[in-house]
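First up is the structure itself, then whatever we jot down about it.
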Amino acid sequence: MLDLSTLNENQLAAVEWSEGPLLVLAGPGSGKTRVLTYRIARLIETTPGKHFKILGLTFTNAAAAEMRQRIATLVLNADERTLLTTFHSFAADLLRQHGHHIGLRPDFTLLVQDADRHSLLDEAIDAVDVGDETTNSEKLLPLITRLIENDIGPASALQVLQSSSMNNSDFLAQVYANYRQLMIERNSLDFPALIAEALCLLEGQVGVRKQIQRIYPYICVDEFQDTNLTQYKILRYLVREDTR
């Protein structure tokens with residue numbers, strides 16, 4: 001049996017919560033990750049014989065590994081009932097299984113080196129006939145990254161850039177569209193696009209959403225405050241309307 005006697009009153013309330021969505025807000029060192037792992041362990045222990053899994057998401061491989069290690073000490077065979085991983089690893093698995101819907105093959109590669117991203121972006125810049133010849137990937141990559149992370153699609157980039165009073169907004173919007181398209185054509189994604197394309201998949205494929213919702217009726221997020229807009233929107237699609 002899971003020993004909950006070491007939890008204080010507030011920690012126990014969070015672990016045993018069963019009334020829908022829950023946000024645990026507390027300072028450093030107060031046991032938030034401990035609460036999350038005990039909550040997952042309790043969900044497993046109280047549903048013997050069930051086949052659903054619990055999805056635990058965090059932001060670093062080290063944090064995901066720590067969650068897996070903690071839960072393994074609390075319940076037997078926890079790996080059979082959980083997927084404890086990072087947002088990026090979850091997105092990569094999702095796209096390798098279902099990315100054909102958006103033009104990706106399962107063997108897509110990740111652009112983990114900045115040099116690879118710069119090279120692809122320079123190619124996207126060169127493909128635009130008219131623009132600022134002094135513009136290069138070093139200058140534009142931070143802007144491209146912000147557009148991706150804030151869920152600005154190529155179709156709406158021009159309007160966003162114009163509303164922000166950006167110089168050469170037409171040029172920048174075309175470069176951005178080229179960069180996103182080149183990644184799909186080359187079967188390669190950078191880390192921001194990994195999340196963005198997973199979101200595009202979930203937005204467009206109702207069947208994929210429903211399959212994930214059936215498998216993972218419970219979703220726990222460590223360090224939720226670190227989610228960017230695109231990651232938050234992915235979470236919105238992962239949960240069912242009636243339990244959101």
**Prompt:** Which cross-chain or sequence-distant (5 or more) residues have an amide H under 5 Å from the amide H of V221, H modelled 1.01 Å from N in plane?
**Reply:** L57
**Message:** Between G29, G99, G153, where does the largest GNM mean-square fluctuation fall for the chain, given springs only between Cα atoms within less than 10 Å?
**Reply:** G29
**Expected 222 nm ellipticity per residue - DSSP helices of 4 or more, -39500 (n - 2.57), all of the chain, to 500** = -17500 deg cm²/dmol
**Request:** Quantify, in whole percent, the carbon and sulfur part of the accessible surface of the chain (1.4 Å probe; protein heavy atoms only).
**Result:** 50
**Message:** Please list, in order along region 76-86, the HN-Hα scalar couplings obtained from phi with the Karplus expression 6.51 cos²θ - 1.76 cosθ + 1.60 (θ = phi - 60°), rounded to whole Hz, x for Gly and Pro.
**Reply:** 6, 6, 4, 5, 6, 10, 9, 10, 10, 8, 8
**Asked** Which residues make up the longest stretch of the chain that has no GluC sites (Glu not before Pro) in a DSSP loop with at most 11 other Cβ atoms within 10 Å?
**Response** 20-132
**Message:** In the chain, if the dipole is taken from +1 on Lys/Arg beta carbons and -1 on Asp/Glu beta carbons about the Cα centre, which of V160, A65, L199 is farthest to the positive end?
**Reply:** A65
**Message:** Above 18 Å lies some portion of the pair distances; for region 181-239, what is it as a whole percent of all C-alpha pairs?
**Reply:** 42
**Complete:** Regression test value, accessible area per residue of region 202-244, probe 1.4 Å, units Å², expected 58
**Asked** Relative contact order, percent, of region 33-163 when contacts are C-alpha pairs under 8 Å separated by at least 6 residues?
**Response** 17
**Request:** List every residue whose amide H lies under 5 Å from the amide H of L84, counting only residues 5 or more places away in sequence or on a different chain, with H placed 1.01 Å from N in the peptide plane.
**Result:** G56
**Asked** Long-range amide H contacts for S188: which residues qualify at under 5 Å (H placed 1.01 Å from N, peptide plane, sequence gap of 5 or more or a different chain)?
**Response** T109
**Message:** Please list 3J(HN,Hα) in residue order for region 45-55, calculated via the Karplus relation 6.51 cos²θ - 1.76 cosθ + 1.60 where θ = phi - 60°; whole Hz, with x for glycine and proline.
**Reply:** 5, 8, 10, x, x, 7, 10, 5, 10, 10, 9
**Stretch gain in nm, segment N167-D226, where the contour uses 0.36 nm per residue and the Cα spacing is subtracted** = 18.2 nm
**Request:** Treating only the Cβ atoms of Lys and Arg (+1) and Asp and Glu (-1) as charged, compute the dipole magnitude of the chain about its Cα centre; round to the nearest 20 debye.
**Result:** 1160
**Item:** Solvent-accessible heavy-atom area per residue, rounded to whole Å², over region 4-62 at 1.4 Å
**Value:** 58
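The values are calculated or read from the model by the stated rules, or taken from the named source; none is laboratory data. This structure is a prediction, so every number in the text was calculated from the model and none was measured. Virtual Cβ from ideal backbone geometry, glycine too; neighbours counted across all protein chains shown. The area values use the complete protein model at the heavy-atom level, side chains included, leaving out ligands, DNA and RNA. Shrake-Rupley method; radii C 1.70, N 1.55, O 1.52, S 1.80 Å.
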